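What follows is a single structure, written as structure tokens, with notes after it.
The values are calculated or read from the model by the stated rules, or taken from the named source; none is laboratory data. Everything quoted here is computed from the prediction, not taken from an experiment. Ideal geometry is used to build each Cβ from the backbone, glycine not excepted, and the neighbour counts take in all protein chains shown.
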Amino acid sequence: MSDAPLELRISRVLPATPDEVFDAYTDAEKQKIWFSILDERPGIVEIEVDLRVGGTQTAVWGPDEDTLFRETQTFLEIDRPHRLVTESSGSSPDGMTMATRIEITFEPEGDGTRMSIVQSGFPVPEVRDFFVDEVWNGALARITAFLQRG
């Protein structure tokens, strides 16, 4: 069994330019829209972004006041619109906390942009798999819907 940190890798081609995808992912006002874009009942979404190396993005979201997720990402590298690296610390409504590193690239592909994510530092495979299935697939679907509403 390996002691290497658990990581996920996921990518998707999104229907917009690298600049548009990068901005949809990093702009607080755009995030507030896409976080809830596929929900029948919008929940709580609060986001603040200080997009600079050493700056942070803080997000709080969930269906109601008693079921909130919290995440703070510290920006380590920003190469707009090509690459973004953050350290993330978050907590779930059940009180679980976790710190990970997230590296995202935005590369032109066809008429769109391939957004590729590598997230490392998961404590167990089940948490990593949850992030693939629920967190990132959900976020990418929401960003796609946001970009397509054009």
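Tabulated data for the structure shown
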| quantity | calculated |
| --- | --- |
| One residue from Thr58, Thr105, Thr100 being touching a His at 6+ places or on another chain (Cβ under 9 Å) and either of a type in the set (Gly, Ala, Ser) or free of Cβ contacts under 8 Å to residues at least 60 places away in the same chain (or both) | Thr105 |
| Subset of the stretch 94-111 that is touching a Lys or Arg at 6+ places or on another chain (Cβ under 9 Å) and of a type outside the set (Val, Ile, Thr) - its residue that is nearest to Leu68 (Cα to Cα) | Glu103 |
| Single match in Ile37, Ile102, Ile78, Ile33 (criterion: within 13 Å of the chain's Cα centre (by Cα), within 27 Å of Pro18 (Cβ to Cβ) and of a type in the set (A, V, I, L, M, F, W, C)) | Ile102 |
| Candidate set: the stretch 71-103, residues that are loosely packed, with under 15 Cβ neighbours inside 10 Å and within 16 Å of Arg128 (Cβ to Cβ); chosen: the one modelled with the lowest pLDDT | Met96 |
| Checking Thr17 against (1) out of contact with any helix residue (DSSP H, G or I) (no Cβ under 6 Å at 6 or more places or on another chain); (2) more than 15 Å from Trp136 (Cα to Cα); (3) surrounded by 17 or more Cβ atoms within 10 Å (Cβ to Cβ), the condition it does not meet | (3) |
| Test: Arg114 is charged (D, E, K, R), modelled with pLDDT of 95 or more and closer than 14 Å to Tyr25 by Cα | yes |
